[in-house]
Amino acid sequence: MTRSNILLVFFVSIGTSLGAQTLFTKQIEGRVYSESGDVAATHVLNITSKKASITNNDGFFSIRAKLNDTLVFSAIQYIRKTIVVTPAVLESKLLYVPLEDAINELDEVIVMPYNLTGDMTTDLARTEIEPVVTASTLGLPNAYVIPPTQAERKLNEATTGGGIIPINPVLNAITGRTKMLKQRIARNEKYERTQRVRAFYPDSLYSTEFKIPVENIDDFMYYCEVDTAFQILVDTHDRFRIWEYMRKKSLVYRANNVLK
């Protein structure tokens, strides 16, 4: 083969590879977030393919895109954000998109009879504001007390009693009811933490990335929950490390349950 033919094959191969990469379309999973936290119903537009999506209450979204497509994230309360789909975006398991609050400034208008201008810094100085009446502003002793759960109330009942020799705590300790209630509280706390972790990511990600069937997600989360390493990791609040832990755990879970 001559040198010119080799070069021709080389450039054709590159062109074919780039063309295939450009045409490759993927379902991109992601989440928008902001300091205000109100990210529900944010519009996600692929202005290249003319496709659109919308975030759920927690900011999660899913939209199809290919290399060099342009995604636009739009909501009334946020500055419009534009992202060009790069190879890194296509390869990401979960795309995090930060949004900035939009500050809408209005022309000064005097509102009679209160002499309000619309400028908060000016109006606050002019306006007398009544104090907000809450348990904390009134200084009530139970202002910051978190109501006990049903299991905690039952444990308190089982471990308290009147008289010189409180019979109730003694009987519950002998029968094992006190120990059972303590175990129930610990189990409930673990379950609530696990459910908070599950809510970090949409169910579609567990199915597409971990290959866990939807009907097995609860069982998979329990499989993670009973691992002490998972409990320690949850306390770090590092979502990327938690995600990587669950990815590795899913491989073992699928093997144990013969899931392809």
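Values computed for the structure shown
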read-out	value
Within region 210-245, tally of residues that are in contact (Cβ under 8 Å) with a residue 40 or more places away in the chain and of a type in the set (A, V, I, L, M, F, W, C)	5
For VAL258: the one exception among (1) in contact with a Cys (Cβ under 6 Å, 6 or more places away or on another chain); (2) on the phi > 0 side of the Ramachandran plot; (3) not hydroxyl-bearing (Ser, Thr, Tyr)	(1)
Search result, residues across region 166-208 that are touching a strand residue (DSSP E or B) at 6+ places or on another chain (Cβ under 9 Å) and of a type in the set (A, V, I, L, M, F, W, C)	PHE200, LEU205
Any hit, region 170-187, residues being surrounded by 13 or more Cβ atoms within 10 Å (Cβ to Cβ) and touching a residue at least 40 places away in the same chain (Cβ under 8 Å)	no
In region 251-260, residue farthest from LEU94 (Cα to Cα) [restricted to those that are out of contact with any Leu (no Cβ under 9 Å at 6 or more places or on another chain) and in a helix (DSSP H, G or I)]	ASN256
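Coordinate-derived values only; no laboratory data. The model shown is predicted, which means the values in this text are computed figures rather than measured ones. All Cβ positions, even for glycine, are placed from backbone atoms using ideal geometry, and neighbour counts span all protein chains on display.
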